[in-house]
Amino acid sequence: MNPITLFLVVVCLALGAASMQFSFFIGIPLIVLGVLVALSLKMANTWQRFVILRAGHLHGVKGPGLFLIFPIIDNVVAVIDERIQTTSIVAEQALTKDTVPVNVDAIIFWKVHNAEAAALTITNYREAIDRIAQTSLREMIGSTALSFLLSDRQAADKQLSEQIASKTSEWGITVMSVEIRDVAIPVELQDAMSRQAQAEREKEARVILGSAEAEVAAKFVEAARTYAGEPAALQLRAMNIIYETTKERGATILMPSAMVDSMDPSGPLGMVIAAGGGVSDGGGKRSAATKTAVPTTGRRRRAKA
């Protein structure tokens with residue numbers, strides 16, 4: 001009984017009981033009025049709908065607010081909640097399309113959009129929603145491969161929602177959405193999938209490393225061609241390598257004599273003089289070649305410019 005009806009009934013009964021001390025003709029009608037108010041005055045909340053039958057036939061759907069019914073001939077057969085409802089469903093050991101047993105846990109969000117159909121078309125719409133969701137979930141799992149079920153949850157949710165909605169629309173029920181919360185697979189299959197994923201990552205890493213090696217080799221070939229045409233560039237590079245290796249204090253570097261010879265500044269100078277016949281000074285005159293003694297490891301060598 002709603003608070004308004006309860007208040008009116010209490011007032012009528014209290015007045016009737018008080019009037020009985022003075023006159024039965026006033027007290028009895030008040031008591032009867034209180035009983036009629038209790039049986040006829042109903043109130044529906046904003047999310048409720050009352051389905052009423054009159055003498056066995058549909059009279060109407062009332063609510064929200066206060067409304068009256070005729071006692072005895074009118075009967076409230078269902079009170080429908082039109083708010084969004086949730087139903088949890090679980091499919092255990094369901095086989096996927098590629099015959100893999102999985103356990104799937106999902107939630108359905110639905111609401112009643114037609115209270116009359118929900119009350120008169122089916123006996124218990126809440127139980128029917130649970131049963132139809134269970135069967136639809138197993139049908140979806142059986143027609144879907146495990147890889148699709150694991151990788152594309154949104155598509156699986158949409159497919160399952162459409163399947164359930166197509167079966168419940170005639171009951172006056174709208175399926176808002178379906179969300180798959182968890183897909184559990186056997187432990188043995190988890191290990192196999194983990195090894196497969198690890199092998200694929202290792203393959204990608206090797207491919208990336210090979211591509212990097214190819215790019216480095218191409219740069220080395222390009223550098224070799226540059227050094228072949230410019231010997232001075234190769235000597236500068238060698239000197240830079242020596243500098244990089246000796247800039248740390250306390251380092252001892254052993255260099256072969258061939259490397260020292262390659263960095264002899266008289267080498268390229270002699271090549272230039274041999275090619276041009278001398279070195280030009282600031283006034284445009286060529287000077288005679290000079291003899292330079294270059295120290296090497298364990299021997300002395302004279303270089304003629």
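We did not get these values from a lab; they are worked out from the coordinates using the rules stated. In this text the structure is predicted, and so the values were computed from the model without any measurement. Virtual Cβ from ideal backbone geometry, glycine too; neighbours counted across all protein chains shown.
Taking a sphere under 14 Å around the Cβ of Asn2 and counting the other residues whose Cβ falls inside, with K and R at +1 and D and E at -1, yields a net charge of +2. Under the rule a/c < 1.5 gives rounded, and otherwise a/b versus b/c splits prolate from oblate, where does the range 5-78 land using the Cα gyration tensor? Judged from the Cα gyration tensor, the range 5-78 comes out oblate (a/c at least 1.5, b/c at or above a/b). Annotation: aspartates and glutamates with alpha-carbon distance below 14 angstrom to Lys62 (same-chain offsets under eight excluded): Asp74, Asp81, Glu82, Glu116. Scalar couplings 3J(HN,Hα) for the range 118-131, obtained by applying the Karplus form with A = 6.51, B = -1.76, C = 1.60 to θ = phi - 60°, are 5, 7, 9, 7, 10, 5, 9, 5, 5, 5, 5, 4, 5, 5 Hz; x denotes Gly and Pro. Rounded to the nearest 20, the Cβ-based charge dipole of the range 85-185 about its Cα centre (Lys and Arg +1, Asp and Glu -1) stands at 60 debye. Loop-located trypsin sites (Lys or Arg not before Pro) across the range 1-102 with a Cβ neighbour count of 13 or fewer within 10 Å are Arg83, with loop assigned by DSSP.
The amide H of Ser177, built 1.01 Å from its N in the peptide plane, has Phe109 as neighbours under 5 Å, considering only residues 5 or more places off or on other chains.
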